[in-house]
């Protein structure tokens, strides 16, 4: 599998480490009233779709960047690759 | 009590192998200093680098050669290496002084080992172990890439038409040399 890195171009998947669902970017507010339930969902509940799936990959043997890769879990077709930093900033995160 | 005198020795010092006109050697006295760009202060850091070295901070995947032969390699959006010949163990202070505090510097000299591969078969020697496309039209002179060769994290820089500088972790220097040496021997 080849991942087309937004900065570095196509790289072999062996250079990357897979983390999991990209929703891990959205860590709940620990001060919220429902923090316990929110963290339970954040830690354990996953949709596990057969099809399109946004997931986090870490370019460990490369520039050490985190990516959000949108991949079809049934065909391995990759439809988009974004820097996780850009995705988090687009969601209004300051840094 | 006996008195001991310790002498520092580079892991691959003295390596110089030639196979079919292609040479693999370990450059001496190479210093490596990492330059991390402060978050939100990337522009002033870039300006300080240009003022200190006379060349712009290269784009990710590129490197540039300063007038004093220091090579600036951009490893990621906020990280670069300065690679230069400097025999004394104070490379970080030298780079920090030149950048006047505009970026975070860390000495990486002893963490890496370097091998220079050059000659007409250099590309053939790398094609079995390097996952990066090294076609001359794709990987131009000055281009750099952090990847892995035989499972060892490697930084490759194209330094000339048929010459490459390879850097890998010094703790696995022997295995790294073995990997490159074996691949070089396989071209014949």
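The values are calculated or read from the model by the stated rules, or taken from the named source; none is laboratory data. Quick caveat: nothing in here was measured; it's all calculated off a predicted structure. Cβ atoms come from the backbone with ideal geometry, glycine included; neighbour counts cover every protein chain shown.
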### Answer residue from the stretch B:1-28, given it is touching a strand residue (DSSP E or B) at 6+ places or on another chain (Cβ under 6 Å) and assigned to a strand (DSSP E or B) and is surrounded by the most Cβ atoms within 10 Å (Cβ to Cβ) among those
B:24
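Residue-wise test of (1) closer than 30 Å to residue B:154 by Cβ; (2) surrounded by 11 or more Cβ atoms within 10 Å (Cβ to Cβ); (3) touching a strand residue (DSSP E or B) at 6+ places or on another chain (Cβ under 6 Å); (4) at pLDDT 95 or above.
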position: A:39; (1), (2), (3), (4): no, yes, no, yes
position: A:76; (1), (2), (3), (4): yes, no, no, no
position: A:81; (1), (2), (3), (4): yes, yes, yes, yes
position: A:90; (1), (2), (3), (4): no, no, no, no
### Lone unmet requirement of (1) crowded, with 17+ Cβ neighbours inside 10 Å; (2) within 17 Å of the chain's Cα centre (by Cα) for residue B:85
(1)
### Query
Within the stretch B:45-71, restricting attention to residues that are touching a helix residue (DSSP H, G or I) at 6+ places or on another chain (Cβ under 7 Å) and without any contact (Cβ under 8 Å) to a residue 24 or more places away in the chain, which residue is surrounded by the most Cβ atoms within 10 Å (Cβ to Cβ)?
B:70
### Message
Condition first: assigned to a loop (DSSP other than H, G, I, E, B), within 14 Å of chain A (Cβ to nearest Cβ), within 18 Å of the chain's Cα centre (by Cα) and within 26 Å of residue B:177 (Cα to Cα). Can you find one or more residues in the stretch B:54-75 that meet it?
### Response
yes
### Message
What's the number of the only condition in (1) surrounded by fewer than 17 Cβ atoms within 10 Å (Cβ to Cβ); (2) modelled with pLDDT of 95 or more that residue B:31 fails to meet?
### Response
(1)
### Looking only at the stretch A:28-46, and only at residues there that are more than 20 Å from residue A:87 (Cα to Cα) and assigned to a loop (DSSP other than H, G, I, E, B), the one that is farthest from the chain's Cα centre (by Cα)
A:33
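Tell me whether the stretch B:103-110 contains one or more residues that are surrounded by 20 or more Cβ atoms within 10 Å (Cβ to Cβ), farther than 25 Å from residue B:19 by Cβ and more than 11 Å from the chain's Cα centre (by Cα).
Start the filter on the stretch B:103-110 by keeping residues that are surrounded by 20 or more Cβ atoms within 10 Å (Cβ to Cβ), which leaves B:103, B:105.
Remaining after also requiring farther than 25 Å from residue B:19 by Cβ: B:103, B:105.
Applying the additional criterion that residues be more than 11 Å from the chain's Cα centre (by Cα) yields B:103, B:105.
Taking every residue of the stretch B:103-110 in turn, at least one turns out to be surrounded by 20 or more Cβ atoms within 10 Å (Cβ to Cβ), farther than 25 Å from residue B:19 by Cβ and more than 11 Å from the chain's Cα centre (by Cα).
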### Task
Please verify whether the stretch B:39-55 includes one or more residues that are in contact with a strand residue (DSSP E or B) (Cβ under 9 Å, 6 or more places away or on another chain) and within 24 Å of residue B:173 (Cα to Cα).
no
### Task
Name the residue, out of A:63, A:47, that is within 14 Å of chain B (Cβ to nearest Cβ) and touching a strand residue (DSSP E or B) at 6+ places or on another chain (Cβ under 8 Å).
A:63
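Checking the structure you have, find out if any residue of the stretch B:145-153 is loosely packed, with under 14 Cβ neighbours inside 10 Å and either within 17 Å of the chain's Cα centre (by Cα) or more than 20 Å from residue B:82 (Cβ to Cβ) (or both). Spell out how you get there, then give the answer.
Here is the first cut: in the stretch B:145-153, the residues loosely packed, with under 14 Cβ neighbours inside 10 Å are B:151.
The next check asks that each one be either within 17 Å of the chain's Cα centre (by Cα) or more than 20 Å from residue B:82 (Cβ to Cβ) (or both); those that pass are B:151.
Within the stretch B:145-153, one or more residues are loosely packed, with under 14 Cβ neighbours inside 10 Å and either within 17 Å of the chain's Cα centre (by Cα) or more than 20 Å from residue B:82 (Cβ to Cβ) (or both).
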### Query
For the stretch B:81-188, which fully contained strands (runs of 3 or more DSSP E) count at least 3 residues that are within 14 Å of another protein chain (Cβ to nearest Cβ) and touching a helix residue (DSSP H, G or I) at 6+ places or on another chain (Cβ under 6 Å)?
none
### Task
Test residue A:9 against the criterion of being at pLDDT below 95 and either away from chain B (no Cβ under 14 Å) or touching a helix residue (DSSP H, G or I) at 6+ places or on another chain (Cβ under 8 Å) (or both), and give yes or no.
no
### Message
For the stretch A:41-57: of the residues being touching a helix residue (DSSP H, G or I) at 6+ places or on another chain (Cβ under 9 Å) and closer than 23 Å to residue A:4 by Cα, which is surrounded by the most Cβ atoms within 10 Å (Cβ to Cβ)?
### Response
A:57
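Tally up the residues in the stretch B:171-186 that are surrounded by 18 or more Cβ atoms within 10 Å (Cβ to Cβ) and touching a residue at least 60 places away in the same chain (Cβ under 8 Å), please. Don't jump to the end; show me each part of the working.
Residues of the stretch B:171-186 that are surrounded by 18 or more Cβ atoms within 10 Å (Cβ to Cβ), as a first pass: B:173, B:176-177, B:179-180, B:183-184.
Narrowing the set further to residues that are touching a residue at least 60 places away in the same chain (Cβ under 8 Å) leaves B:173, B:176-177, B:180, B:184.
Number of matching residues: 5.
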